[in-house]
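The values are calculated or read from the model by the stated rules, or taken from the named source; none is laboratory data. Small disclaimer: the values here were computed from a predicted structure and weren't measured. Because the Cβ atoms are built from the backbone with ideal geometry, glycine has one as well, and the counts that use them run over all protein chains shown.
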Amino acid sequence: MSYEQIAHYYDLTHESLTADIGYILKLAQMTGDPVLELGCGSGRLLLPLARAGYSVVGVDSSPAMLARAQARLEREPEALQARVRLVAGDMTTLALGDEVTCQLVLVPYNTLMHLDGQGVLGMLRGVRAVLGQNGRFFIDLANPFTLAQTPNDHLLTLEASFTDPDTGELVLQFAANRLYESAQQLHITWIYDATPPAGGQIRRTVTQMVYHYYYPHQLELMLEETGYRLLAIYGDYTETPFTEESERLLILAERRA
């Protein structure tokens, strides 16, 4: 998926996503900092953590998303800016320097689903190298059992409509899904149609993404292989035990000695 194309729209469609922030802050309070966020994007979680007083390292592979995060940071007090380090990089080949040790590592809302199996293993190995001995590793995913039930009808559906505050344009967001159950992949095409306030020619932006979804036993095996101890599997941010009907798939782990 090219976030370079849709970084602006991504922020507009995700500004209401706040359900995980309280839980992330709770984890940070338990572990202390530094906090490492993989796939930090434009700072949706990074900024609340920094505002709460935590030192945060944010890693992302998208220059456009990092530029938006930097622009947000520059509107904050200098003391907060000093607590944040933004890193352009690939989470599957994590390179933060030998001196970096983090007490909490986050792979937030669906970010791991951008990675295939080898990518996940590479990310896990890189995280283990920087995770403190008493630190915690948190992964937040969509429930794979729910994803596996996605209708494979290829129909284009309207997901959202909103007004772009920067341009005044009316934007319609459409999506079409294609499920490859044997490969555990969900292919999504997103279309953004922007219309000027007074009407006129539509400006269309199209992007595609492949989500790789993983079941709990698969993630547990990958964690075991790369040197982690699984601590818990939850189904929501209130730490309800995971079931096939859960809203989310939340993984909490630590390094094995």
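In this structure, is L131 within 14 Å of Y213 (Cβ to Cβ) and either at pLDDT 95 or above or surrounded by fewer than 16 Cβ atoms within 10 Å (Cβ to Cβ) (or both)?
On the way: within 14 Å of Y213 (Cβ to Cβ): no; either at pLDDT 95 or above or surrounded by fewer than 16 Cβ atoms within 10 Å (Cβ to Cβ) (or both): yes.
Criteria not met by L131.
Return the residues of the range 3-56 that are closer than 15 Å to R85 by Cα, hydrophobic (A, V, I, L, M, F, W, C) and part of a loop (DSSP other than H, G, I, E, B); say none if nothing qualifies. Walk me through it before giving the result.
In the first step, residues of the range 3-56 are kept if they are closer than 15 Å to R85 by Cα; the result is 33-51, 53-56.
Adding the requirement that they be hydrophobic (A, V, I, L, M, F, W, C) leaves 35-36, 38, 40, 45-47, 49-50, 56.
Listed by number, the residues that qualify are C40, L45.
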State all residues of the range 119-149 that are in a helix (DSSP H, G or I) and either hydrophobic (A, V, I, L, M, F, W, C) or within 20 Å of G43 (Cα to Cα) (or both); if no residue qualifies, say none. V120, L121, M123, L124, V127, A129, V130, F145, L147
Return the residues of the range 217-234 that are under 18 Å from A129 (Cα atoms) and either in contact (Cβ under 8 Å) with a residue 40 or more places away in the chain or in contact with an Asp or Glu (Cβ under 7 Å, 6 or more places away or on another chain) (or both); say none if nothing qualifies. M222, L223, E225, T226, G227, Y228, R229, L230
Pair list, Cβ < 8 Å and 6+ apart or interchain, from the range 19-34 residues that are closer than 13 Å to C102 by Cα to residues that are among the β-branched types (V, I, T): A28/V35; D33/V56; P34/V56; P34/V57; P34/V100; P34/T101
Could you check the range 173-186 and list, in sequence order, the residues that are surrounded by fewer than 16 Cβ atoms within 10 Å (Cβ to Cβ) and either within 17 Å of H8 (Cβ to Cβ) or not small (G, A, S) (or both)? R178, Y180, E181
Number of the exception - D153 against (1) charged (D, E, K, R); (2) outside the structural domain of L17 (by TED's automatic domain parsing); (3) crowded, with 18+ Cβ neighbours inside 10 Å: (3)
Of the residues in the range 1-42, those that are touching a strand residue (DSSP E or B) at 6+ places or on another chain (Cβ under 7 Å) and of a type in the set (G, A, S) come to S2, A28, G32, G39, G41
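For A232, state whether it is over 15 Å from F145 (Cβ atoms), modelled with pLDDT of 95 or more and not acidic (D, E).
Numbers: over 15 Å from F145 (Cβ atoms): yes; modelled with pLDDT of 95 or more: yes; not acidic (D, E): yes.
It is true that A232 is over 15 Å from F145 (Cβ atoms), modelled with pLDDT of 95 or more and not acidic (D, E).
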Condition (residue is within 21 Å of D20 (Cα to Cα) and either among the polar types (S, T, N, Q) or not assigned by TED's automatic domain parsing to the domain that holds Q218 (or both)) applied to the range 114-135: is it met by at least one residue? no
Considering only the range 103-118, state which residues are part of a helix (DSSP H, G or I) and either basic (K, R) or out of contact with any Asp or Glu (no Cβ under 9 Å at 6 or more places or on another chain) (or both). M113, H114, G117, Q118
Subset of the range 48-67 (residues that are closer than 21 Å to L112 by Cα and of a type in the set (D, E, K, R)): D60
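Yes/no per residue for (1) closer than 24 Å to L155 by Cα; (2) part of a helix (DSSP H, G or I); (3) hydroxyl-bearing (S, T, Y):
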{"residue": "N177", "(1), (2), (3)": "yes, no, no"}
{"residue": "T189", "(1), (2), (3)": "yes, no, yes"}
{"residue": "R204", "(1), (2), (3)": "yes, no, no"}
{"residue": "T207", "(1), (2), (3)": "yes, no, yes"}
{"residue": "Y214", "(1), (2), (3)": "no, no, yes"}
{"residue": "H217", "(1), (2), (3)": "no, yes, no"}
Among the candidates L158, L141, L124, residue that is at pLDDT 95 or above and surrounded by fewer than 16 Cβ atoms within 10 Å (Cβ to Cβ): L158
